[in-house]
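Only the coordinates and a few stated rules stand behind these numbers; no lab work does. Source: prediction; values computed, not measured. Glycine also receives a Cβ, built like all others from the backbone with ideal geometry; neighbour counts cover every protein chain displayed.
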Amino acid sequence: MKIPVTIIAIFLLGIGKSFAAPLDTLSITGKLLKAPIYSQIANGYMHYDTITDEDKKLMYQTKAIKYTMLALHYFSRAKDSIGLRGCFNNLSRVYRSQKEYSQAKWFALQSNAISRAKGDVSGIISSLLDIASIKMDIKDYPLAISDLNEALKLSTKNHLNRAESAVQLRFAILYNLTNNYDKGDVALKRHDFINDSIRKHDEAVLAARIKAEEAFENKKKFYTANNVKLYNNLYFKRIASL
């Protein structure tokens, strides 16, 4: 019996509809998986500052922008704010290297906005340092100082020593650019003092960990030796009783 063409068409249409949702989901998922891939490719080109050949360096920068933009598109579709922030940071860095300061500042501000929305203090400080550095590049020193003051306040309030050290270094650079060498020297000394304190703390933590590990090993050896001795005593007593 021949099946009418219209029935075949309806049947195929029904199959198509029944599989449409899963296929759409797979398609979307596949596209979203492209984001980290493009991001990884872009990161490979972010090492352009190690290249001395200017033409090759420009090519790397162009590729970094291209693949970061592609990653940005898919991170945006996935509503992945961390991925977006990473893209904004990369784009800001590349455009700053190219002296495209308006674009560099805009992307740094987007990164800052995401960190503020997430309440990520470290991210806020990091983006403020980037924004301040861009403003120093264009000699907008008063606004750069404002950003650094906010970063300093956040780092000290939250006891983020490494962040404060980075802030003090930026202050030292800014003060030297504005011929305020005394303040620059104070900021640099503060930067060195914090770094020295961090180093001493890390060394103390490492020494304590090594000491704890050695104590554990010694205790383990002691118990092992005692267990062997106890086993031998029991063994020989048993032999003697036979």
Neighbour-count order for L91, L109, fewest beta carbons within 10 angstrom listed first: L109, L91
Mean separation of Cα contacts under 8 Å, 6 or more apart, over the residue count of segment 49-150: relative contact order %: 17 percent
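Please tell me the relative contact order of segment 34-241 in percent, rounded to the nearest whole number, where contacts are Cα pairs under 8 Å and at least six residues apart.
Answer for segment 34-241 is 10 percent.
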Any of K153/K189; K105/K139; K57/K79; K79/K153 with alpha carbons more than 23 Å apart? Name them for me. K57/K79; K79/K153
